[in-house]
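> Take this structure, written in structure tokens, and hold onto it; I'll ask about it next.
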Amino acid sequence: MAGLRRLVLPATLWAAAFGIASVGIVTVPARPAHAAPEKPKAKATSEEEIEIEPEDVTRSGPPSKTLERAKKLYDKGDYYSGSIEFDKVMKGNEDSEANKQKAQFFLGKTLFHLKFYAAALVQFDSIVQKGPSHKYFRRTLQWLAALAEILPESAGILKKIGAYSKEDLEDPALAPVRAKLYYLLGRYFYFAGQLEQAIDLFRKVPNDSEYYLKAKYMEGVCWTLVPKGKEAVDALKEILVVAAEPELRKRFPADEVQEMEERAALTMGRIFYQTKQYELAIKYMEKVPQDSPDWLNSLFEASWSYYLIKKNSKALGNIHTLNAPFFENEFYPESVILKSQIYFNYCLYDRALEAVNEFNTQFAPVRDDVKRIVKQTPDDQGAFYEYARKIRAGTAGLPERTQLMSNAVLQDRTLLKTFAYVEELDREMKQYEAADKAWKTTRIAGEVLQDLTLQKSLAEDTAGTLARERLARLERELTEQRVSTGAVRVSILEARIGKKRAELLGQEVAADQREEPIIVDDEHQTWDFSGEYWKDELGFYRFRIASQCAKKR
């Protein structure tokens, strides 16, 4: 490690030097987030909050005794018995169509209260499919919003919410959940690629709503894809304003403010990188705190900006941090390529070749292993899901580096939510098995089991498909990076031949070997790296580096 310098921040300034982090939207080479997202927490769903609508008996007609009994059971909280009676109404001939619709709506709510959330979603989805002709079409939207707090988006809730118009959201009965619905419908339009409609909805979320920070972040994301960088930055700055003002900050949960603050800052860094404003990109990327799951991502991405403004002592220092033993389960193969390119540009051909060889030794075998993994059970996504579970559990029998890198890409946020949905369906299946034996003999119980079985199979297929796609992407990236290292190797050989030819022809003189300056202010100190990493020094390393490129006569 000769030539490596440390730049250490005094403890008194440590906290002030950091501040922000997070996930990616634009095209700087990014790594998967390795921290599992928290599972959505179910919020209390009060009848008063989401069920205030008077009954219109003249439209529905008088209810049958079965429907009256079902409603009384529901009101008492006897949901298992109530589900049986509501099902009888739906399948029987005693009630009007309007009353059957009421029974279906209440059956969905009953299953929700029983925590058969996937089965409840099936009932609500049936109502959504019928559209405004169903008496409870709009009221179902409130319960979809409640399910969105519990089930991941991979359950298909956004698609169902997408069946509603913006005008539907203006229904006075939806006032308590309107801000949430603006946000959810905005996400639907975002994933559908209808960015202008998504932006319009995200901007409707009021600044006193718990969804305001998330909506502002998503607005910024949409603007980056339009693309309109200024509008994106303006939206993201609103998050930073909230984070900076104590009175505004205390309106939101502390952990959410930190997460959104980090996401906003790093996304702004990526926007400035895309617009070639590298100093600003560095400024925002370096707001990432060391305890953030995306801190290493920010260091790596900032390395590219440092490289492009020719501050390679810092670029190499960041790469050195990425290789610290504290992060032995984190991998940045592209950083090795960047390192080889920097050394090549300085005519340090031996070091450049060492970096190329490092990549081929560490990552080429992983690429071959992952290629074989992706080819397994090509027509059975459910089976591949089970294999992915083995990878996540560390029982797939893979070589160590392949195991670690494969597991890392399976920590993708979207994929984790899909796995979480399978786990939720597993929970509901176990709940079904533990239910009262008499209830399990009923028709509605049989339908619940059928729904759960089907949804679990579909969820496993979806999870298997996504897992295969993530691993296939890893294989493609490693293949592309292997090609890049091959190109660097060829360039090194050509440069060496050219240098030798020039020396024979007497066309070169000795190189100017002055080191790239390392700027140190009065608040810092430096000393040589001795081979031992300290946590409070991570991110502050510098390399001594001097060009060996000779000048022509």
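The values are calculated or read from the model by the stated rules, or taken from the named source; none is laboratory data. These numbers come from a predicted model, not from an experiment. Here the Cβ is made from the backbone with ideal geometry for all residues, glycine too, and neighbour counts use every protein chain on show.
> Specify the residue that is modelled with the lowest pLDDT; the eligible residues are those in region 297-319 that are under 20 Å from F529 (Cα atoms) and either surrounded by fewer than 21 Cβ atoms within 10 Å (Cβ to Cβ) or hydroxyl-bearing (S, T, Y) (or both).
In the first step, residues of region 297-319 are kept if they are under 20 Å from F529 (Cα atoms); the result is 299, 303, 311-319.
Restricting the remaining residues to those that are either surrounded by fewer than 21 Cβ atoms within 10 Å (Cβ to Cβ) or hydroxyl-bearing (S, T, Y) (or both) gives 303, 313.
Numbers: S303: 96, S313: 93.
Of everything passing the filter in region 297-319, S313 is modelled with the lowest pLDDT.
> Still on this structure, I have one more. When you look at F272, is it out of contact with any Gly (no Cβ under 6 Å at 6 or more places or on another chain), of a type in the set (A, V, I, L, M, F, W, C), free of Cβ contacts under 8 Å to residues at least 60 places away in the same chain and in a loop (DSSP other than H, G, I, E, B), yes or no?
Numbers: out of contact with any Gly (no Cβ under 6 Å at 6 or more places or on another chain): yes; of a type in the set (A, V, I, L, M, F, W, C): yes; free of Cβ contacts under 8 Å to residues at least 60 places away in the same chain: yes; in a loop (DSSP other than H, G, I, E, B): no.
Answer is no for this residue.
> For region 429-476, name all the residues that are basic (K, R) and farther than 17 Å from A120 by Cα. Show your work before the answer.
Start the filter on region 429-476 by keeping residues that are basic (K, R), which leaves 430, 437, 440, 443, 456, 468, 470, 473, 476.
Across region 429-476, the qualifying residues are K437, R468, R470, R473, R476.
> Return a yes/no flag: does region 434-447 have any residue that is of a type in the set (V, I, T) and within 27 Å of D369 (Cβ to Cβ).
Just the residues of region 434-447 that are of a type in the set (V, I, T), to begin with: 441-442, 444.
Those left that are additionally within 27 Å of D369 (Cβ to Cβ): none.
Within region 434-447, none of the residues are of a type in the set (V, I, T) and within 27 Å of D369 (Cβ to Cβ).
> Considering only region 485-497, I want to know if a residue exists there that is surrounded by 17 or more Cβ atoms within 10 Å (Cβ to Cβ), part of a helix (DSSP H, G or I), modelled with pLDDT under 95 and of a type in the set (S, T, Y).
Filtering region 485-497 down to residues surrounded by 17 or more Cβ atoms within 10 Å (Cβ to Cβ) leaves 485, 488-489, 492.
Those still in the list that are part of a helix (DSSP H, G or I) too: 485, 488-489, 492.
Keeping just the survivors that are modelled with pLDDT under 95 gives 485, 488-489, 492.
If we keep only those that are of a type in the set (S, T, Y) too, we end up with 485.
Yes, region 485-497 contains at least one residue that is surrounded by 17 or more Cβ atoms within 10 Å (Cβ to Cβ), part of a helix (DSSP H, G or I), modelled with pLDDT under 95 and of a type in the set (S, T, Y).
To keep it simple, each residue is scored yes or no on (1) over 30 Å from V422 (Cβ atoms); (2) of a type in the set (F, W, Y).
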{"position": "W143", "(1), (2)": "no, yes"}
{"position": "A148", "(1), (2)": "no, no"}
{"position": "A155", "(1), (2)": "no, no"}
{"position": "G162", "(1), (2)": "no, no"}
{"position": "L195", "(1), (2)": "yes, no"}
{"position": "I199", "(1), (2)": "yes, no"}
{"position": "K204", "(1), (2)": "yes, no"}
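> Output yes when any residue across region 327-335 is more than 17 Å from A408 (Cα to Cα) and not hydroxyl-bearing (S, T, Y), and no when none is.
Pass one, region 327-335, residues more than 17 Å from A408 (Cα to Cα): none.
Checking region 327-335: not a single residue is more than 17 Å from A408 (Cα to Cα) and not hydroxyl-bearing (S, T, Y).
> Determine which single condition L169 fails, assuming it passes every other condition in (1) in contact with a Leu (Cβ under 6 Å, 6 or more places away or on another chain); (2) closer than 24 Å to Q455 by Cα.
(2)
> What about L299, is it over 19 Å from R542 (Cβ atoms), in contact with a helix residue (DSSP H, G or I) (Cβ under 6 Å, 6 or more places away or on another chain) and assigned to a helix (DSSP H, G or I)? Break it down stepwise before answering.
Details: over 19 Å from R542 (Cβ atoms): no; in contact with a helix residue (DSSP H, G or I) (Cβ under 6 Å, 6 or more places away or on another chain): yes; assigned to a helix (DSSP H, G or I): yes.
Considered against the rule, which asks whether it is over 19 Å from R542 (Cβ atoms), in contact with a helix residue (DSSP H, G or I) (Cβ under 6 Å, 6 or more places away or on another chain) and assigned to a helix (DSSP H, G or I), L299 comes out as no.
> Across region 238-266, what is the total count of residues that are surrounded by 15 or more Cβ atoms within 10 Å (Cβ to Cβ), among the charged types (D, E, K, R) and in a helix (DSSP H, G or I)?
The qualifying residues number 6.
> Can you confirm whether region 371-379 contains a residue that is touching a residue at least 60 places away in the same chain (Cβ under 8 Å), closer than 30 Å to L114 by Cβ and more than 22 Å from the chain's Cα centre (by Cα)? Give the steps one after another, and end with the answer.
The first filter runs over region 371-379 and keeps only residues touching a residue at least 60 places away in the same chain (Cβ under 8 Å), leaving 371, 373-374.
Now drop any that are not closer than 30 Å to L114 by Cβ, which leaves none.
No, that holds for no residue.
> I would also like to ask the following. Can you name the helices (runs of 4 or more DSSP H) wholly within region 310-410 that have at least 1 residues being among the hydroxyl-bearing types (S, T, Y)? Spell out how you get there, then give the answer.
Numbers: elements: 312-322, 333-345, 349-362, 364-374, 381-393, 400-409.
So the answer is 312-322, 333-345, 349-362, 381-393, 400-409.
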